[in-house]
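The values are calculated or read from the model by the stated rules, or taken from the named source; none is laboratory data. Just so you know, these numbers come straight off a predicted model, no measurement behind them. We place every Cβ from the backbone using ideal geometry, glycine too, and count neighbours over all the protein chains shown. Heads up: the accessible areas ignore ligands, DNA and RNA and are worked out on the full protein's heavy atoms, side chains in. Shrake-Rupley method; radii C 1.70, N 1.55, O 1.52, S 1.80 Å.
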Amino acid sequence: AHVYATVAQPLVRKFIEGYDVDIISYGQTGSGKTFTMFGPPLSMEKAANALGVSGDDVILPEHGFILRSGLEALQAVSAMNGGGGGGSKDTTARCMLHGSMVEMSIMTLTNQSVVDLINNRKTCFVDKSHHLQGAVMIPLRNVGDVVRMAAAVETRLVRGTKMNDTSSRSHCCAVFTLSVAEGDTYRQSRLQIFDLMGSERFKGGNSAHNSGVSSKSSAGGWEGIFANLSLSSLMSAVDQAAKQRRKGSNKKQANAMLDMCLTDLLAGSLHGNAITAMVTCLSQSPRNGGETYLTLKYGAGMASLLNIPKPSKYKPLGKTLDRAIKEFKSVQAIVKKGVNGKYQALRNAQLTQWQQEVALLRSLESGESGESGESGESGESGE
């Protein structure tokens, strides 16, 4: 509760005010990243069993950032929908809160996997706007919705290593999307909470895997390679972005090293206007002193990236809805004609994305809290 109040709560309130926010946990494998963001193993299941009338009935002392953030955002949406939207306009705000959760792992060195933990591990992507594409956005209307969204983490890829019996073998990202309509305009802000894979060693006493065999001989070894490679890529991108800001350049830098989905999703922090916080988790064991030093160096590098946060701008609701319907119908026509195998997952993700946007915008326009999954029918009814 203390760590949440100190680090996350002020940023959740900025998210509610319309800012994009990224909160990241980083550290050596087994140092407490998932504990910080979610809680101990199966803690979300305990939360589901404790569902009651209010969030106070659900949250236990050990619960982490994600559940606490979702419930605080839910309370804010309820207050805003009750009148006095808190915006600069005179009209009453119409607010909707949605949640998504994905994991990012590796299949081969050149084939990264982004899957939807809420929707049967369907393949997702990161679109040109650096947002999740194809991940289901479930409406969060009550405490139970938030708990069930958070509980999706229990299906995340986990594998025991020499350092951690329940090591998370993927990056996990929970996304809260807040949509606020005032009059004929609306804005969206996103709160992205990243539980990153732990950095790992492959040799010596702190090896996370059996150092007697090649790290490339097991799935766990390849996962460790992906963890270190993607984390190195992120820091390289942070260094590039920090240098460009010091030079006063607004030019967008290319992703460092490989085109990593993690750096794509964190673009708002690298060269955008997101507010960013990183919690560095450290092992208490003296034998991990070397890894602790490297973790602190990583945190110092991240601290050099100073963004200029700006709130999301209000957009015309009608024009944005018309464009979403047009894009939905265009992708729908392509899918109906048939798509080549390797592009099928991408087109299906695009279809899901535009379906959900149409439904969300229609709900904001009408002032109703419609289900995002009904958007396929919504797109047709626009004719």
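Points worth noting:
- Test for Arg148: is it over 30 Å from Pro286 (Cβ atoms), modelled with pLDDT of 80 or more and assigned to a strand (DSSP E or B): no
- Here the helices (runs of 4 or more DSSP H) wholly within the range 207-320 that include at least 1 residues being modelled with pLDDT of 75 or more and of a type in the set (Lys, Arg) are 219-246, 289-303.
- Selection from the range 304-316 of residues that are of a type in the set (A, V, I, L, M) and either open to solvent by less than 40 Å² (accessible area, probe 1.4 Å) or on the phi > 0 side of the Ramachandran plot (or both): Leu305
- Residue selected from the range 9-25 under the condition open to solvent by less than 20 Å² (accessible area, probe 1.4 Å) and touching a Lys or Arg at 6+ places or on another chain (Cβ under 7 Å), by the criterion farthest from Ala76 (Cα to Cα): Ser25
This table checks each residue for (1) hydrophobic (A, V, I, L, M, F, W, C); (2) at positive phi; (3) buried (at least 16 other Cβ atoms within 10 Å of the Cβ).
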| residue | (1), (2), (3) |
| --- | --- |
| Ile275 | yes, no, yes |
| Thr280 | no, no, yes |
| Asn288 | no, no, yes |
| Met302 | yes, no, yes |
| Gly318 | no, no, no |
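- Helices (runs of 4 or more DSSP H) within the range 1-95 that include 2 or more residues modelled with pLDDT of 90 or more, farther than 30 Å from Leu361 by Cα and under 21 Å from the mean Cα position of the chain (by Cα): 33-37
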